[in-house]
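What follows is one structure encoded as C-alpha cells, with my remarks underneath.
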Amino acid sequence: MASMNKKRSKDTSAVEKSKLQVAVDSTPDVEGNFKLGLKAIESKYSGQIISSRSNPFTGSVDIDKATKKIYPGSNRWDYAIEYLGDTYFVEFHPANTSEVNVVLSKLTWLRQWLMTKASAIDAIKVKDKQPYHWVFSGGNHILKNSRYWKQLSLKKLLPVKVLDFDKI
C-alpha cells in the first residue's frame, strides 16, 4: 500500500505500518494498543465481524480497554477496526430499549474523544460510508416502529447481528 508508512526493523527490512497503527501510536490514550487483524476484538464477538475478502482487516484497537483507567466513569466506545485502509468504529452491546441511551452516550463520547484526544484516528475514519456501527449481542429487542428505532435511524446507528463489511 503506497500510503502506508514504513518502519525499519532491527534486521533493516522494511515493515509497513497501517494507517490505524500509525494513528494509534500517535494517540497517547491508546498508544501501544494496536493489534493486527481483528486480534483486539474479544473472541466472543469476532464471529460477528465478517468479510468475504482475503485479509481485508489490517488492524484493530480496543478503545474501551485502553481508555478505561483514563475515563473510568464514562460510557466508552468499544473498538476501531481498519478495513481496506479505512477506519470504522464498532460497539458490541445488547439491543434493548433500556440500552439505547447508553449506546448513544457512547457515540457522543467517541465523537468527542476523536475530536479532542484522537484527531489522528478521527482523520482516517471512513469518509464515504457510515463509520459507526452497533452490533448487538443476544437478541434485538428494539421494535422497528418504536421511537427508539426512529432515534437510532436518524443517527444511522441501527443495531445489526453481524457486521458484514462487504455490504457496508
Discussion item. Which residue is nearest to Asp78 (Cα to Cα), if the candidates are limited to segment 137-168 and must be part of a strand (DSSP E or B) and under 14 Å from the mean Cα position of the chain (by Cα)?
Written reply: Leu163
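Please count how many residues of segment 109-118 are in contact (Cβ under 8 Å) with a residue 24 or more places away in the chain and open to solvent by 50 Å² or more (accessible area, probe 1.4 Å). Steps first, answer last, please.
Taking segment 109-118 and keeping what is in contact (Cβ under 8 Å) with a residue 24 or more places away in the chain, we get 109-110, 113, 117-118.
From the residues that got through so far, the ones that are open to solvent by 50 Å² or more (accessible area, probe 1.4 Å) too are 117.
The total comes to 1.
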Worksheet item: Out of segment 150-168, which residues are exposed (fewer than 11 other Cβ atoms within 10 Å of the Cβ) and more than 19 Å from Leu107 (Cα to Cα)?
Response: Asp166, Lys167
Worksheet item: Within segment 41-90, which residues are open to solvent by less than 40 Å² (accessible area, probe 1.4 Å), among the small types (Gly, Ala, Ser) and without any contact (Cβ under 8 Å) to a residue 60 or more places away in the chain?
Response: Gly59, Ser60, Ala66
Worksheet item: Considering only segment 131-149, how many residues are open to solvent by less than 20 Å² (accessible area, probe 1.4 Å) and either in contact (Cβ under 8 Å) with a residue 60 or more places away in the chain or closer than 19 Å to Asp86 by Cα (or both)?
Response: 4
Worksheet entry | Single unsatisfied condition, Val100 versus (1) without any contact (Cβ under 8 Å) to a residue 40 or more places away in the chain; (2) within 26 Å of Lys150 (Cβ to Cβ); (3) part of a helix (DSSP H, G or I); (4) of a type outside the set (S, T, N, Q) | (1)
Discussion item. Against the condition acidic (Asp, Glu), surrounded by fewer than 16 Cβ atoms within 10 Å (Cβ to Cβ) and without any contact (Cβ under 8 Å) to a residue 12 or more places away in the chain, how does Asp122 come out, does it pass?
Written reply: no
Worksheet entry | Residue among Val90, Val162 that alone is of a type in the set (A, V, I, L, M), at pLDDT 95 or above and farther than 22 Å from Phe34 by Cα | Val162
Discussion item. Of everything in segment 1-52, what is charged (D, E, K, R) and either at pLDDT 90 or above or out of contact with any strand residue (DSSP E or B) (no Cβ under 9 Å at 6 or more places or on another chain) (or both)? Give them in sequence order.
Written reply: Lys10, Asp11, Lys17, Lys19, Asp25, Asp29, Glu31, Lys35, Lys39, Glu42, Lys44
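The values are calculated or read from the model by the stated rules, or taken from the named source; none is laboratory data. Bear in mind the structure is a predicted one, so any value in this text is a computation, not a measurement. Backbone-built Cβ (ideal geometry, glycine too); neighbour counts: all protein chains shown. All accessible areas refer to the heavy atoms of the entire protein, side chains included, with ligands and DNA or RNA removed. Shrake-Rupley method; radii C 1.70, N 1.55, O 1.52, S 1.80 Å.
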